[in-house]
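Scroll down for the structure; my scribbles are underneath it.
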Amino acid sequence: MSYDRALTVFSPDGHLFQVEYAQEAVRKGTCAVGICGTDAVVLGVEKKAALKLQDSRTMRKIHQLDQHIFIASAGLVADARVLVDMARVECQNHRLTIEDPPTVEFITHYVASIQQRYTQSGGRRPFGISTLIVGFDPDGSPRLFQTDPSGIYYQWKANSIGRNSQTVREYLEKHYAESIGEADAVKLAVKSLLEVVQTGAKNIDILVITKDGSRTPNVDEIEGVIKVIEAEKAEEAERKAARRTTSS
């Protein structure tokens with residue numbers, strides 16, 4: 001029996017192959033990084049190069065769900081658009097019924113529930129995306145969550161999704177600090193994306209969310225951060241060369 005033909009049939013060793021195929025679609029998607037700092041949350045995404053006649057504004061990887069909540073995705077872009085629309089409606093429903101803005105975890109739970117619902121009945125397929133959902137709760141606390149095609153969600157201090165996400169995650173584990181501020185979080189996001197992006201600032205998008213709102217650094221600002229990173233690498237290489245010379 002082909003256990004990958006039907007979504008609702010488990011294989012003898014307990015796998016749902018269609019969900020695993022959806023996770024493979026995520027691994028083939030462009031990379032996205034989220035970093036939670038003390039006073040800001042930073043989202044960084046790898047964006048594909050626009051064709052000569054293509055309007056780059058239509059190639060967004062980061063979307064706003066509410067005034068204080070944003071989402072980035074890796075995987076099938078069309079699937080992400082559907083989930084974003086659903087989540088935006090839920091944010092407005094929450095404000096209408098509760099008369100308070102939703103928390104980041106509330107919206108994450110909603111998105112994960114939608115993804116999980118699409119793994120339990122026939123005639124549909126799982127969403128081929130993972131998401132990073134970030135923002136500030138009404139009490140002023142920064143939050144970063146990840147959801148998977150299976151419907152699981154976790155809270156993170158820093159994480160990545162998409163292609164080479166394991167490499168980027170290992171880099172974040174080595175360089176993340178609990179006391180990281182806004183400027184250092186932006187630098188760390190750019191550094192981690194440079195592990196997989198070879199074309200520099202023009203293929204990197206950064207979003208910075210603070211208690212007071214959000215901003216998107218332009219290409220020149222990202223280019224400036226990259227120059228600082230390259231200068232630091234050059235200094236480190238010189239120090240290592242000097243130490244080798246001294247020891248010999």
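The values are calculated or read from the model by the stated rules, or taken from the named source; none is laboratory data. The model shown is predicted, which means the values in this text are computed figures rather than measured ones. FYI the Cβ positions are ideal-geometry reconstructions off the backbone, even for glycines, and counts take in every protein chain you see. Quick note on the areas: whole protein, heavy atoms, side chains included, nothing else; ligands and nucleic acids left out. Shrake-Rupley method; radii C 1.70, N 1.55, O 1.52, S 1.80 Å.
Results, tabulated for the structure shown:
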item	result
Flag if Val77 is within 17 Å of Thr58 (Cα to Cα), out of contact with any helix residue (DSSP H, G or I) (no Cβ under 7 Å at 6 or more places or on another chain) and open to solvent by 90 Å² or more (accessible area, probe 1.4 Å)	yes
Breaking point among (1) of a type in the set (Ser, Thr, Tyr); (2) in a loop (DSSP other than H, G, I, E, B); (3) in contact with an Asp or Glu (Cβ under 6 Å, 6 or more places away or on another chain), for Thr119	(3)
Selection status of Gly14, out of contact with any strand residue (DSSP E or B) (no Cβ under 6 Å at 6 or more places or on another chain) and at positive phi	yes
Residue in the stretch 158-169 that is surrounded by fewer than 16 Cβ atoms within 10 Å (Cβ to Cβ) and of a type in the set (Lys, Arg) present	no
Hits in the stretch 25-76 - residues which are acidic (Asp, Glu) and modelled with pLDDT under 95	Asp39, Glu46, Asp55
Filtered residues of the stretch 143-179 (kept if of a type outside the set (D, E, K, R) and more than 26 Å from Phe127 (Cβ to Cβ))	Tyr171, His175, Tyr176, Ala177, Ser179
Enumeration of residues in the stretch 13-57 that are in a loop (DSSP other than H, G, I, E, B), open to solvent by 10 Å² or more (accessible area, probe 1.4 Å) and of a type in the set (A, V, I, L, M)	Leu16, Ala49, Ala50, Leu51, Leu53
Conditions (1) buried (at least 19 other Cβ atoms within 10 Å of the Cβ); (2) in contact with a helix residue (DSSP H, G or I) (Cβ under 9 Å, 6 or more places away or on another chain); (3) at pLDDT 95 or above: number failed by His94	(1)
Any hit, the stretch 184-192, residues being surrounded by fewer than 18 Cβ atoms within 10 Å (Cβ to Cβ), within 18 Å of the chain's Cα centre (by Cα) and not aliphatic (A, V, I, L, M)	no
The listed residue being surrounded by 12 or more Cβ atoms within 10 Å (Cβ to Cβ) and free of Cβ contacts under 8 Å to residues at least 40 places away in the same chain, out of Glu236, Glu232	Glu232
Residues satisfying the stated conditions in the stretch 193-245, i.e. over 17 Å from the mean Cα position of the chain (by Cα) and of a type in the set (Lys, Arg)	Lys202, Lys211, Lys227, Lys233, Arg239, Lys240, Arg243, Arg244
